[in-house]
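The values are calculated or read from the model by the stated rules, or taken from the named source; none is laboratory data. On a predicted model such as this, the values are computed, not experimentally measured, just so you know. Backbone-built Cβ (ideal geometry, glycine too); neighbour counts: all protein chains shown. Surface accessibility is based on the protein's heavy atoms, side chains included, excluding ligands, DNA and RNA. Shrake-Rupley method; radii C 1.70, N 1.55, O 1.52, S 1.80 Å.
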Amino acid sequence: MHQKFSICFISFFFLFFFMLMNLFMMIYFIISNLTIMIEWEIISFNSISIVMSILLDWMSLLFMMFVLLISSSVIYWKKSYMSSEINLNRFIILVIMFVLSMILLIISPNIISILLGWDGLGLISYCLVIYYQNVKSYNAGMLTALSNRIGDVMILMVIAWMLNYGSWNYIYYLMFMKNDFFMNVISIMIILAAMTKSAQIPFSSWLPAAMAAPTPVSALVHSSTLVTAGVYLLIRFNLLLEDMFMLKILLLFSGLTMMMAGISANYEYDLKKIIALSTLSQLGLMMSILSMGYGDLAFFHLLTHAMFKALLFMCAGVLIHMMNDNQDIRMMGGLSIFIPVTSLCFNISNMALCGIPFLAGFYSKDLILEVTMMSNLNMMVLYLYYFSTGLTMFYTIRLMMYLMINDFNLMSVYNLYDEDYIMLKSMMILLFMSLISGSMLSWMIFCYPYMIFMSLNMKLMVIYVSLMGGMMGWLVSKMNIYSVNKFLMMYNLNMFFTLMWFMPNLSVYGFNYYILSFSKNLYKNIDMGWSELFSGYGMFNLIKNYSLISMIYQMNNFKIYLFSFVFWMLLIMLMILV
Amino acid sequence: MGNLLGSFNARNVNLNMDDKPTFDPQEGFSYERKPREMIAKEEDLISARIPPKYRDYCAHHLLEYQVCRYKNVPLMYKCAHEKHAYLNCEHQDYVMRMKEFERERRLRVRENRLIGVA
Amino acid sequence: MALSLVKKAILANPHSLRKNVGVFCNAARNHWNYQYKPGPYPKTMAERQAAAKKYGLSIEEYQPYPEEMGYGDYPKLPDIGADSKDPHYPYDLPYLKRNFNEPFHVASEIIGEDRFNISVKHRIPLWQQWTWFLGVMFGSYMLYRYLDDYKIGRPVVAKQYPQEGPHYMFCPK
């Protein structure tokens, strides 16, 4: 299938054109402060109105633009990455369906079409994770699908409950029903659904496990679109959720997620898992700034993070391809000498992740940190934010040391080639966007700028923690023999941090066996046991026996007719006498 | 990090961030204080659809900024001067809030001292 | 592609429709196959030997479940999850890690390779993992609640809006 106009090119051009159209519409919508809502009324009776709507405002158009840009780049990149795959058509159709569900989620102001998009995302990400059909992928896919399913159940319950208020368009209810008890319950469920989708504690075991998917899937799904669907849902609901008690819990959990992912990424040696954990850390950041009430800052960070994280995954994919499908960073090294262009993209996206000034991540991340400094918080949250920023720098410098500076550890350097132009072209698009999108977005989105005023030391605290984190990262990855971090001291504590606070272990080994054996007992005793007796086979037997009995009367035996005559006479005489 | 625990010392007099001042505005001043003026008109703010929480004493700079953004789209970086003017005005407002806070704290400390003596 | 499959399933062979529908009905029909039903619980030695021979086990390693569990004479195989079995042994069915005619464990769908692994030996015991995790979560929640009274804010009063009465500057008229 090496024809010139394969399905990759067609879908790339289509998505790119759609993205450009969105760009122009979005600029127009931001400036004229316009919101368009297109509705089709399905049925309306008795104070319930069921409508199908599409909401186009600047937020949804902007998000759609970014999703389309990333997906078009990834599809184009994938043509070269999966060129040895025979079923490429199937894969691309799955990715396009994924993009369509994401778009459906973005533009919908009512809960039913959000459910369609949400469930579509969960299902298609399951199909994509199990794409390489071996047992490890099956397990990873099951973990992904079941964790997402909890969120789906929450949204289903919200649907049922929201019909109480007349329609499923939550957009209309946001400002008006803040003190209603049932609306509070609905918001708690929405928060739980977003926590499962965006992999906060305690549901965060699926995100590193889902790295069993092919790398294009990780670049598209697990960096920018699927995991941000939860954050997007909460941004839409942000007006409803102010001053709730559950928001404080969300703040704590997302702050802990930030820290946990940062710590665990420091102990990991699998390249894709490190990037997955860094995604998890940034998701925690987005959720926590959202729970403080600054929804537009969360949105801004979502967009810029999508840019450089997709680029990071693509560079990681190129590296894995070159290392003969090996993902261990201990086997890589010295790459800045051998593959300069790819390592350029990698370095720039890493630095954007840390918040190096004037790259894409700086505008969003620094603004978030300064705004939290300026607001009224308890000390623990402030500590979590700044410590996680330092940890981001820590694992980034460690990763760059392992990949770029330390020596090359694999067989031969012949494999390392940088001239795969298809992959490079799509990485260049994202590189350009990750350089300028920070500043471009910060001018466009913030119609009402944030004023930041703090003393010199407070403002420089970001730099202080980054430098400290960087220094720790450099110290840890020096390959000396006398290097304390490679010893087995404090084994339990290290295992606690490595295995993501034991969450994957606990959600698999802690729960599964009891639930599975309970369901086995239910199935064996009730489904295949007693209820086969009362319905199913037992009923079949009963009816068969009764029809056998009733066949006796039809055997044309004369004695039956005489007996039934006598019996009937007896019965009539009995009735006359009594 | 001297200013990090900025309002921490005011906890002794039960004063936290975003509290309203409780004393009479003229108390303790030997001169008469100048009132703040609201320059932007109410109907301008309403027709520009600025959200209520941004309709403070700096709103005239905000209106200039919005006008400049509308004229310069998509090259919005050309509005840096108006944005800087708005942020400066907000900065002055913030400093004034800090001064009010400090004044409130000192008045409360003085109150406690007077009550303690009496 | 899908259309050709459908055509092959329905139209090619006149009996194929019945067979294919039969496959689906069999999958949905819940009643168990009478040939799979194990025999009654073996009480005498001769019955045990016959049962051991039926399941392909030797008489020493044949051990049925206790009678009240309702499994009849089905043997109790050691609980080894498929993930713990040797990956390099040349099995007859490598994807199930099973040889031909090897008796299935009673709960073999639970302890298969794509489900739970019942014979894993954790390096850190499971109760300890629960303690660490729940301890950290609970401890941080308690710390958070305690520190909620000690908020760090900036030394500013509430924002001054023009609707809320006259506000004054710090200079004379």
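Observations on the model:
- Scanning the range A:504-540 for residues that are open to solvent by less than 50 Å² (accessible area, probe 1.4 Å) and more than 7 Å from chain C (Cβ to nearest Cβ) turns up A:P504, A:S507, A:V508, A:G529, A:S531, A:G538.
- The lone exception for A:S375 - which of (1) away from every other protein chain (no Cβ under 14 Å); (2) within 28 Å of C:Y141 (Cα to Cα); (3) outside any helix (DSSP H, G or I) it fails: (1)
- Qualifying helices (runs of 4 or more DSSP H) (wholly inside the range A:158-253; at least 2 residues being under 21 Å from A:P109 (Cα atoms), touching a helix residue (DSSP H, G or I) at 6+ places or on another chain (Cβ under 6 Å) and not assigned by the TED database to the domain that holds A:L277): A:181-197, A:226-236
- Taken as a whole, the structure places C:Y62 among residues that are at pLDDT 85 or above and either in contact with a strand residue (DSSP E or B) (Cβ under 8 Å, 6 or more places away or on another chain) or within 14 Å of chain A (Cβ to nearest Cβ) (or both).
- If you go through the range A:27-59 and keep only what is in a strand (DSSP E or B) and among the β-branched types (V, I, T), you end up with A:I36, A:I38, A:I42, A:I43, A:I48, A:I50, A:V51, A:I54.
- Selection count where residues are open to solvent by less than 20 Å² (accessible area, probe 1.4 Å) and farther than 23 Å from A:M258 by Cβ, scope the range C:117-153: 2
- Check on A:F496, within 9 Å of chain C (Cβ to nearest Cβ), open to solvent by 80 Å² or more (accessible area, probe 1.4 Å) and part of a helix (DSSP H, G or I): no
- Contacts under 7 angstrom Cβ, first residue in the range A:264-292 being closer than 30 Å to A:F245 by Cβ, partner of a type in the set (D, E, K, R) and surrounded by 24 or more Cβ atoms within 10 Å (Cβ to Cβ), 6 or more apart: A:T279/A:K309
- Any hit, the range A:314-321, residues being surrounded by fewer than 20 Cβ atoms within 10 Å (Cβ to Cβ) and not acidic (D, E): yes
This table checks each residue for (1) over 24 Å from A:K478 (Cα atoms); (2) out of contact with any His (no Cβ under 8 Å at 6 or more places or on another chain).
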position	(1), (2)
A:L312	no, yes
A:I329	no, yes
A:P340	no, yes
A:G361	yes, no
A:D366	yes, yes
A:M374	yes, yes
A:Y395	no, yes
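- Residue in the range B:72-95 that is modelled with pLDDT under 90, more than 17 Å from C:Q163 (Cβ to Cβ) and among the hydroxyl-bearing types (S, T, Y) present: yes
- Among residues of the range B:34-59, those that are touching an Asp or Glu at 6+ places or on another chain (Cβ under 7 Å) and more than 15 Å from C:P166 (Cβ to Cβ), counted: 1
- Conditions (1) modelled with pLDDT under 90; (2) crowded, with 16+ Cβ neighbours inside 10 Å; (3) more than 9 Å from chain A (Cβ to nearest Cβ); number of the one not met by B:L63: (1)
- The sole residue among A:L382, A:L311, A:L303 that is part of a helix (DSSP H, G or I), out of contact with any helix residue (DSSP H, G or I) (no Cβ under 6 Å at 6 or more places or on another chain) and among the aliphatic types (A, V, I, L, M) is A:L382.
- Residue tally, condition assigned to a loop (DSSP other than H, G, I, E, B) and surrounded by 14 or more Cβ atoms within 10 Å (Cβ to Cβ), over the range C:49-84: 11
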